[in-house]
Amino acid sequence: MYKNFWVTFLIVCMQVPVFAAGRQKMDLVIQQEALSSVLVKLEKASGYNFVYEPPLVRNIVITGKNFKGRDFWFILNDLLHAHRIAYSVSGANIILAAVPPPQPVQYGKISGRIVDFENADPLPGATVRLEGTAIAMVTNEKGDFLFERVPEGKYNILFSYIGYKSGRLNGLVVTANKTITASFKLQASNNLKQVEVKGIARKKVVNTTDEQLINELYTARTVISGISNEQITRSMDRDAAEVVKRIPGVNVSDDRFIVVRGLSKRYNMTFLNDNLAPATELDSRAFSFDLVSSNTIDKIMIYKSPSPDLPGEFAGGLIKINTKKSMLTRQIDVQLSAQYRPGSSFSDISSYAGSKTDFLGLDDGVRSLPKGMPSPVDFNLMGPDVNAKYSKQFANNYLTNARYFDLDKRLTINYYDSWKLGAYQLNNLSSFSYTNTHEARETEQQSLYKSNRSYEGVIRQGIHAARLSLIQNNNIQLGDHVKLELKQFINQQGQRIALNDYKVKDGFEHLDQRRVGLYFLSSFLYSGQLGSYLHFGPAERTKIFTNIGFSSIHRKDPDLRELGYSRQRDPEVSLTEDNPDAPWIHGSRDLIYPVSRYFIDVKEKAWQANADAEHRFASFFNLKAGVFHETRQRYLSTRTFRLANGVHAYDPNIIIPNEEEGGGTGAEEWQIPARLDTGIFRADGTGLRWREATVPNDQYFAENRNTAGYISLDLLALENKLNVFGGVRVEHNLFRILGSLQTGQASYPLVISKPVTSVLPSVNASYRPDSTIIIRAGYGKTLNRPEFREAAPMDYFDYIKYEHYYGNPNLSTVNIHNYDVRFEWYPRSMLRNEMFNLGFFYKTLDRPIELIWGRERTFESAFNTFYYANTGAAKVYGLEAEIRKGLAFLSGNVFRDLSLILNGAILHSEVKTPALIYYGHQAPRERPLQGQVPYLLNASLNYERPQTGTKVAIVYHRSGDQIYAIGTSEYTPGDINSGFPDIMEKGRDMLDLTWSQRVNKYLSIKAGAQNLLNAPMTLYEDYNRDYKYTPEQTSVKDGQTVNSGDVISRRYYQRPYYSLALNFIF
């Protein structure tokens, strides 16, 4: 090694005199002399040797040169340049070569069309310019432009138009004799300084684009993901529940609840604009994402890593649904659409006689409790005459019927306007949406192996849904420093469901059983907030945001009716067929199914106030602090009534057979209206009566008060390449429930009060080695508190799923530690809308709250019973990745209009469950976390041709299997006598296709299909306990039938869904 070093050193030293000679000043006079002779003189003066082919300098004569005090290199360049001779230096040699003759300039063409971003309306008079050149032009009356002579090379194209934001297309390569397309969509600007208020231009609606979303991800201080309005409009997604599935690491359960990073709905928090969204469900705090129409969404952002300025109660993600904004424009958008579902549209679907306003999602009062209805305690103490007075007021309607329905229908109207208020401008958005849908759903159901089955059967449902939504957003700019914004959201949704549940139960194999349910599920949601944005001081260094909000939800399920039938089993007749020889009988002594009515009322209100202040002390140092308070109250009341015999009933033709009183005869289905006519409720007590079956713990009042404050620092270092954002948040939470605890036949008042103060530190760091790469890392502590329903000491019954849920007052808060690392790359793409990221996350939960399956081997085994419990320590970790890439780098013009969005996640969780007090869970167990899927995959191939207004998208979604309900710990895989397996939800492949086409400046058409693969929603009992589906198999061993594999407990097909929409802009 040392020998090589000294040889190199000597060679370098030998070159020094030569280089020095080249820099010496010299004089050289040339009257008229051959270049070859001049080169000889230069060799002697410099010490260099010239190497060249003699023909290169033959016939070249140098005349009239006089160099005084010039160095060697100056002289050499002067002599050779004029004769197009180049040189290169190699040690002491100078090699001469001829300069190639100049090539003629080659030209290509650039053509395109400039259109409005939202509606593809051409923009005549827009300016198109090639950056760094004098080449420019304006578009014609069709928005077209054509540069016919553009020299070969790479160009950036700049686009501009009055009232619109400027745009640019980077890295466009022009080749000789070819025409390259460079169409572009410009987004309207709502800047008051750019748009004249007196005559507000039309079609200036501004919604979030992919480029803006990418920029928001790029400038974020934490790990976030999201979806833009531009991406939403490419798909056929109808509501927010379908939209969020396109975001990395996100899945949806029950078609309406969000699952982030494999963590179920309870571990995620939802904001509607800047307000905490109210709970929409009876049994959880979760927000139902199907309430929000996709046509009203501007963007959805998911914050995955904690930070001091975010509420501390989430583990999966904090979701912010941003509705469309009011803006400085005047425009009306109308979308009319119709949908077709095979097996439902243009078909007879089960229904029942409801109210006249069911088509609006509202009950007109026909299902209300009788006027003046006494309290639950007083009702059963009334005499027969008073009881008859109220019993007669209940509607005599217990039969389902088949009705013909055509297409599903949807209507959305967006009205944008702006009004002058003195020196200020008030911007407005009023958005109205209406949906009316009908679905015939048939669900297979069974449990356990056929040799030892608890039940098997079919559930037929007619689901008729209607929804009214209204968004009212206004904002006003008060000078240059203050902006006020009022956002309001109203949603009314109703579902009329006619259910026929057919079963054959273990122990009653001689009977077919049928449960009939008539349900109406209604919810009214209001969310409103008033926010102010202030920025002032030198260079607007100080920013203050304040917000006050109110939200309310009224969930009302009035007069849910149930009754049961049975008939003698005929193996030759299927469960759902009519059998004239064995009609359905209500009140059969073989099986008693009482007639029941339920009235459920849930009111929840929330008041919120928060303020955030941020001050930039220097270019590298920001300080941010804020306070937050929310008070949330819920009142739940359930009343249950069952049909019973009057106190003096004696007529066997009237008496209802029941376990307590016996006697009586049953009635066929067609006889029910006459049997339950109002005349049957008699003042003398000889007829029938309604008996209150409500118990004290069928109601509760709950309140949660959360007060928080935080302080955070935002620092830049290493020449602004490193950003550190961190701080601490302190939350004080007071959780109270006033209810009753039932023990046997007795009930006792119960008050639950759990004040908890939590300190939640967090820090996020982002390092940018250059302008295209970001490396993020973060840590934060968060919480998960018990929800009202989970801690309330009551038995909640889901009448649709036929499942019992028991609250647990002893639940405790879950402490969660979150770790994130993510690599992000933002290529310098043409449209600046490309990105790649790869992230890893790791979470620990000390005692997660989960739903435990507590079913026992009894006749009631047809009813699944679930308990809430703090289980054991858990950890969740996984990888997430996302790619957004245009395909213009591929050869062929078609690829210039194609782009690909691909994202996915690989997830893993482990829970060490200790021995619990519940039946079947007295042994410890290790398993995945409930609701966690092992993987997610989303892919979208998008085609967009701006000059024609054509868009096509193919969207694919796939998720893995997840635990729907946790089975018993003692269960031994394959041994059905050892306990019960987990219930798993099978993953589904979803494929959607969308096409949209601009027709003219007022009209566009959108068509598509969802669920083209018709993947079923499937629940199965995982008998192998391997967390994946193995088809059920039957074999014979030693003369005995042996069953293996997993049993599908429930399965239904929603069918493909075809849609056609007309979009009008005025």
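Annotations
- Matching residues, region 786-811, being in a loop (DSSP other than H, G, I, E, B), closer than 18 Å to Glu850 by Cα and either modelled with pLDDT of 90 or more or among the hydrophobic types (A, V, I, L, M, F, W, C) (or both): Ala792, Met794, Leu811
- Strands (runs of 3 or more DSSP E) wholly inside region 973-1034 containing at least 3 residues that are in contact (Cβ under 8 Å) with a residue 60 or more places away in the chain: 982-985, 989-998, 1003-1010
- Put simply, of Ala683, Ala708, Ala674 the only residue that is assigned to a helix (DSSP H, G or I) and either modelled with pLDDT of 90 or more or of a type in the set (Gly, Ala, Ser) (or both) is Ala674.
- Ala279 meets all of the listed conditions (1) surrounded by 22 or more Cβ atoms within 10 Å (Cβ to Cβ); (2) part of a strand (DSSP E or B) but one, namely (2).
- Phe889, sole failed condition from (1) of a type in the set (Phe, Trp, Tyr); (2) at pLDDT below 90; (3) closer than 30 Å to Phe788 by Cα: (3)
- Here region 1009-1026 is the region considered, the condition is being under 30 Å from Ile954 (Cβ atoms) and of a type in the set (Ser, Thr, Tyr), and the residue that is surrounded by the most Cβ atoms within 10 Å (Cβ to Cβ) is Tyr1020.
- Filter pass, Tyr1002 being in contact with a Phe, Trp or Tyr (Cβ under 8 Å, 6 or more places away or on another chain) and either farther than 29 Å from Ala440 by Cα or at pLDDT 90 or above (or both): yes
- The condition of being crowded, with 19+ Cβ neighbours inside 10 Å, part of a strand (DSSP E or B) and either assigned by TED's automatic domain parsing to the domain that holds Val595 or not β-branched (Val, Ile, Thr) (or both) holds for only one of Lys503, Lys483, that being Lys503.
- Scanning region 329-377 for residues that are closer than 19 Å to Gln461 by Cα, part of a loop (DSSP other than H, G, I, E, B) and under 29 Å from the mean Cα position of the chain (by Cα) turns up Arg341, Pro342, Gly343, Ser344, Ser345, Gly361.
- The residues of region 282-328 that are within 21 Å of Ala611 (Cβ to Cβ), out of contact with any Ser or Thr (no Cβ under 7 Å at 6 or more places or on another chain) and assigned to a loop (DSSP other than H, G, I, E, B), listed by number, are Leu310, Pro311.
- Qualifying residue in region 415-434 (condition: under 27 Å from the mean Cα position of the chain (by Cα), modelled with pLDDT of 90 or more and farther than 25 Å from Asn322 by Cα): no
- Unique match (being hydrophobic (A, V, I, L, M, F, W, C), part of a strand (DSSP E or B) and at pLDDT below 90) among Ile901, Ile852, Ile883, Ile906: Ile852
- Gly931 meets the conditions (1) touching a residue at least 24 places away in the same chain (Cβ under 8 Å); (2) more than 30 Å from Thr1041 (Cβ to Cβ); (3) not in a loop (DSSP other than H, G, I, E, B) in every case but one. The failed one is (3).
- The condition (being surrounded by 16 or more Cβ atoms within 10 Å (Cβ to Cβ), touching a helix residue (DSSP H, G or I) at 6+ places or on another chain (Cβ under 6 Å) and of a type in the set (Ser, Thr, Tyr)) is satisfied by just one residue among Tyr416, Tyr352, Tyr398, Tyr390: Tyr398.
- Of all residues making up region 459-490, the number that are in contact with a helix residue (DSSP H, G or I) (Cβ under 8 Å, 6 or more places away or on another chain) and closer than 30 Å to Glu444 by Cα: 3
- Residue in region 549-563 that is buried (at least 19 other Cβ atoms within 10 Å of the Cβ) and in contact with a His (Cβ under 8 Å, 6 or more places away or on another chain) present: yes
- Test for Tyr519: is it crowded, with 17+ Cβ neighbours inside 10 Å, in the same structural domain as Leu623 (by TED's automatic domain parsing) and either among the hydroxyl-bearing types (Ser, Thr, Tyr) or not in a strand (DSSP E or B) (or both): yes
- Residues being touching a residue at least 60 places away in the same chain (Cβ under 8 Å) and in a strand (DSSP E or B) - total across region 815-832: 5
- Odd one out for Phe159 among (1) assigned to a strand (DSSP E or B); (2) modelled with pLDDT of 90 or more; (3) more than 34 Å from the chain's Cα centre (by Cα): (3)
The values are calculated or read from the model by the stated rules, or taken from the named source; none is laboratory data. Since the model is a prediction, treat every value here as computed from it, not as a measurement. Please note: Cβ atoms are built from the backbone with ideal geometry, for glycine as well, and neighbour counts cover all protein chains shown.
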